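The values are calculated or read from the model by the stated rules, or taken from the named source; none is laboratory data. The structure presented is a predicted model; accordingly, all values stated were derived computationally and were not measured. In this analysis, Cβ positions are derived from the backbone assuming ideal geometry, glycine residues included, and neighbour counts consider all displayed protein chains. Remember, those area values only see protein heavy atoms, side chains included, never the ligands or the DNA or RNA. Shrake-Rupley method; radii C 1.70, N 1.55, O 1.52, S 1.80 Å.
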Amino acid sequence: MSTSETKQRLLNRDRSARAMTTDGNFRAAAIINTQTVHEAQRRHSTDPVASLLLGRALSAASLLATFLKGEERVSIELMGNGVFKKVFAEALQVGEVRGYVELNAHPEVDNDALGIGLLRVTRVLYGKFEPISGVVALQKSNVSSDLAYYLTQSEQIPSAVRLDVDIDATGAVRHSAGVIVQAMPGAPEESVLKVQETLLAMGSVAEAAAAGLHVEDILRQVMPGEIEIINKTPIDFFCRCSLERYKSILLTLGLEEIQSMYDAMQNELVCHYCNTAYTITDADFEELLSQLRAQKN
């Protein structure tokens, strides 16, 4: 790859940005993550509806993660009784994000993607022994409205959310982008309404990204007044699963269970989050069994 191609690839890399108005009344985050959502679609072989929901959830998790620190992480789960049982996304502040969709074996509502259900947001923070979670009922099952409702009702932060994924005629992800604007304590109510109106009038954020806008441009369009860009972060679909990590988990099952897996030739493990398949070889089984026998003695 030439220097110019490498430079262009870096310029086109998925990114998020976080900003604050200079008067301190609003904070916001924007993301353009087309490649990330396309990679999620490729890994999970999702259809257009699943790709749309998963893409929005990935955007939402990444946007919320911009307000965290270091390797703190946040997850978003939408659970319903429709065609999809769950849409899950988890992101770290450092830019890693992963997710998946899960179908309902027997949906109660065949013609609705999520139907009646819940939205759960969970944060794992430094200095906190337990994850912090909040749950609300799904409102419109489109991720954007549900997340805005959650932030406003559960966390008492007036928020405007726009998450867009464009799907082309073949069913592939064409563009993906999103933005969250949050009012800080003391922000004038008329300014909050203006932000909401601006987001509605702006139309698809994904189309804005396709037209050449960068995350900083999106932030300047939707936020009232002058802003300061706090940080910018590259975004990637990334999962920390590995064969060694799975082998460590298998050790917790015990000698009899591992022997039973070996005898039944159950030698493939698939990561729920990224759909990567791992093969447990005979040598791997022997290593696991040897360790378990040693522990037993």
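At full extension, Met265 and Asp110 could sit 52.1 nm farther apart than now, given 0.36 nm per residue minus the alpha carbon distance.
The label point for Glu190 and the one for Thr276, both projected 7 Å from the Cα toward the Cβ, are 5.4 nm apart. Working from label points 7 Å from Cα in the Cα-to-Cβ sense, the Gln291 to Leu243 distance is 1.4 nm. Net length available on complete extension from Glu130 to Thr252 is 41.7 nm, with 0.36 nm assigned per residue and the Cα-Cα distance removed. Pair-distance distribution of region 126-198: all C-alpha pairs, bin width 5 Å, starting at 0; shares per bin in whole percent are 3, 14, 18, 18, 17, 14, 9, 5, 2, 0.
Of Lys69/Lys140; Lys140/Lys232; Lys247/Lys296, which sit over 20 Å apart, Cα to Cα? Violating the 20 Å Cα-Cα cut-off are Lys69/Lys140; Lys140/Lys232. Is the shape of region 140-297 best called rounded, prolate or oblate, per the rule: a/c under 1.5 gives rounded, else a/b larger than b/c gives prolate, else oblate, with a ≥ b ≥ c the square roots of the Cα gyration tensor eigenvalues? In terms of gyration-tensor shape, prolate. To put it simply, the accessible area of region 65-127 at a 1.4 Å probe is 51 percent carbon and sulfur.
For a straight C-alpha distance cut-off of 17 angstrom, the aspartates and glutamates reachable from Lys85 (same-chain residues fewer than eight places away being disregarded) are Asp47, Glu77, Glu102, Glu108, Asp110, Asp112, Asp146.
If you take the Cα centroid of region 261-287 and the Cα centroid of region 17-61, the two points sit 32 Å apart. Here the accessible area is traced with a 1.4 Å probe on the protein chains. For region 140-279, carbon and sulfur cover 50 percent of it. In the chain, helical runs assigned H by DSSP with n ≥ 4 each contribute -39500 (n - 2.57); averaged across all residues and rounded to the nearest 500, the mean residue ellipticity at 222 nm is -11000 deg cm²/dmol. Isolated cysteines in the chain, defined as those with no second cysteine Cβ under 4.7 Å, do not occur. Computed from backbone phi, the HN-Hα couplings of region 173-188 come to 5, 9, 8, 8, 7, x, 8, 10, 10, 10, 7, 8, x, x, 5, x Hz, rounded to whole numbers (Karplus: 6.51 cos²θ - 1.76 cosθ + 1.60, θ = phi - 60°; Gly and Pro given as x).
When each pair of different Cα atoms in region 22-164 is counted once in the 1/r mean, what is the Kirkwood radius in angstroms, to one decimal? Kirkwood hydrodynamic radius for region 22-164: 15.4 Å. Per residue, region 62-145 exposes 48 Å² of accessible surface when a 1.4 Å probe is rolled over the protein heavy atoms with every protein chain present.
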